[in-house]
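Below is one structure, written out as structure tokens, with a few remarks after it.
The values are calculated or read from the model by the stated rules, or taken from the named source; none is laboratory data. What you see is a predicted model, and the numbers here were worked out from it, not measured in a lab. FYI the Cβ positions are ideal-geometry reconstructions off the backbone, even for glycines, and counts take in every protein chain you see. Quick note on the areas: whole protein, heavy atoms, side chains included, nothing else; ligands and nucleic acids left out. Shrake-Rupley method; radii C 1.70, N 1.55, O 1.52, S 1.80 Å.
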Amino acid sequence: MNLRCQSCGAELVVAAELRTTVCPYCAAPSVVERPASVDRPAPTFALGFALTHQAAGERVKQWLRSRHPWSHSGLKRASLQDVRGVYVPAYLYSALALSEYSASIGEDYTETETYTTTENGKTVTKTRTVTKTEWRPLRGEHAEYVPDVLVTASRGLSNAELEELEPFDLRVLARYEPALVAGWVAEEPSLSREECLRLAREETLARVKQRLGEFMPGDSHQNLQHQTRVEEESLEVCLVPVWVLAARYEPDKPPLRVVVNGQSGEVHGEVPVSLVKVLLTVGVLVLAVVLYALWSQGAFS
Ligand SMILES: [Zn+2]
């Protein structure tokens, strides 16, 4: 059956017996039935779950215990609710990136220079070694095949969140078959292909820039600029396995949403910070600074 979350816009496909009234992504109780969509691209690939329901819960408990000291103290005892495995739609992109680049390449060299200083009241001349950099311009062309760029196609899981969960092990990528997602909640792409293509190109350009930086010669470089165009683009829908959990850490607060990579167990969530703890820490720091200032002025002697 086909469902839509009226809160976050996720478009779910679930078996009748998994009918849910709560959105697995945002926990909003505003899931309504929708007609089957006809124009959605069908998945080409899928990655299966490797992490069990129980293992995902254990990972999250461990993760909640190891948050930074300022996080809300209720997290350590949080109860995990609505643990759901969701096949999240993503786009798998690859392209040939052709770049023209320019940069300033720095070569370091050492020089011995003489200088004068005063020792025991006398002026003496000494030498020292200094490192200097000579800059020369460099231009060039670079062609590189950029594979396996994964971007979200879901309104329920942002691209930033997906990046936090990456990498997924794409060596076990399988052709999509409906049997694979039977018994699970799956989502149809709810972001447009154009939007996803834009995200994928952005990620590709960022990767190209990083690669160019890695192979620049010399001891250092600056002003690296590149003009890159992409060819032979491929963009296919790929379902990726994600556990979505709600961690309730305080009865009257909305639960914290935690997502887990269904393959690697990588966990991500926006941990609430305890205002009381932050204020206490800041207070202690201010007190320490004030005491130090007083002490350095001799107030305690
Ligand atoms: Zn939702």
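Ranked by solvent-accessible area (1.4 Å probe, protein heavy atoms only, all chains present), the residues 20, 131, 281 order from largest to smallest as 131, 281, 20. With θ taken as phi - 60° and the Karplus curve 6.51 cos²θ - 1.76 cosθ + 1.60 applied, the whole-hertz 3J(HN,Hα) list for the range 92-106 is 9, 10, 8, 6, 9, 9, 10, 10, 10, 10, 9, 7, 9, 9, x Hz, x standing for glycine and proline. Helical runs assigned H by DSSP (4 residues or longer) give the chain a calculated mean residue ellipticity at 222 nm of -7500 deg cm²/dmol, each run adding -39500 (n - 2.57) before division by the residue total. Ratio of Rg to Rh for the range 135-191: 1.19 [Cα atoms; Kirkwood radius as inverse mean 1/r over pairs]. Sorting 46-52, 260-266, 61-67 by their mean Cβ neighbour count within 10 Å, with the most densely packed peptide first, gives 260-266, 46-52, 61-67.
Residues whose amide H comes within less than 5 Å of that of residue 146, counting only those at least five positions distant or on another chain, are 95, 96, 97 (H built at 1.01 Å from N in the peptide plane).
For the range 15-108, the square roots a ≥ b ≥ c of the C-alpha gyration tensor eigenvalues yield an a/c of 1.5 or more together with a/b not exceeding b/c, which makes the shape oblate.
Using a probe radius of 1.4 angstrom, the carbon and sulfur fraction of the accessible surface of the range 175-301 is 57%. Note that the range 1-45, at 37 °C in a medium of 0.692 mPa s, gets a Stokes-Einstein diffusion coefficient of 297 µm²/s from its Kirkwood radius over C-alpha pairs. In order along the range 224-234, the Karplus-derived 3J(HN,Hα) couplings, from 6.51 cos²θ - 1.76 cosθ + 1.60 at θ = phi - 60°, round to 6, 10, 8, 10, 10, 10, 10, 10, 6, 6, 10 Hz, and Gly and Pro are given as x.
Scanning residues 5 or more positions from residue 155 or on other chains, those with amide H under 5 Å from its amide H are 11, 190, 191, with H placed 1.01 Å from N in the peptide plane. Of 168, 300, 215, the residue with the largest accessible area leads and the full order is 300, 215, 168 (1.4 Å probe).
Under a GNM of the chain (C-alpha, springs under 10 Å), which listed residue has the highest mean-square fluctuation: 199, 98, 191? Sorting by GNM fluctuation, first place goes to 98.
Positive end of the dipole of the chain (Cβ unit charges, origin at the Cα centre): among 13, 75, 292, the Cα lying farthest that way belongs to 292.
Per residue, how much accessible area does the range 191-254 have with a 1.4 Å probe, in Å²? It amounts to 57 Å² per residue over the range 191-254. Taking 90, 206, 174 in turn, the Gaussian network model of the chain (Cα-Cα springs below 10 Å) assigns the largest fluctuation to 206. Among the cysteines of the chain, those with no neighbouring cysteine Cβ under 4.7 Å are 196, 238. Taken per residue, the accessible surface of the range 18-158 reaches 57 Å², heavy atoms only and a 1.4 Å probe. Using only side-chain charges placed at the Cβ, +1 for Lys and Arg and -1 for Asp and Glu, the dipole size of the range 223-301 relative to its Cα centre rounds to 580 debye.
Charge dipole (Cα centre; +1 on Lys/Arg Cβ, -1 on Asp/Glu Cβ; no other charges) of the range 1-106 amounts to roughly 600 debye. Cross-link reach is defined here as a Cα-Cα straight distance under 25 Å, omitting same-chain residues fewer than 8 places apart; for residue 61 the lysines meeting it are 76, 253, 277.
For the chain, the dipole from Cβ point charges (+1 on Lys and Arg, -1 on Asp and Glu) about the Cα centre works out to 1220 debye, to the nearest 20. Remark: the Cα gyration tensor places the range 79-137 in the oblate category, a/c being 1.5 or greater and a/b not exceeding b/c. 3J(HN,Hα) along the range 73-89, derived from phi through the Karplus expression 6.51 cos²θ - 1.76 cosθ + 1.60 where θ = phi - 60°, amounts to 5, x, 4, 5, 10, 4, 9, 8, 10, 6, 6, 10, x, 10, 7, 8, x Hz, with x in place of Gly and Pro. Taking all Cα-Cα distances within the range 162-240, those exceeding 21 Å account for 50%. Of the candidates 32, 83, 124, which one comes out as most mobile in a Gaussian network treatment of the chain with C-alpha springs shorter than 10 Å? Taking springs between Cα atoms under 10 Å, the residue moving most is 124. Here the accessible area of the range 52-105 is 47 percent carbon and sulfur, with a 1.4 angstrom probe and all protein chains present. Computed over the alpha-carbon atoms, the chain gives an Rg to Rh ratio of 1.17, Rh here being the Kirkwood radius from the mean inverse distance.
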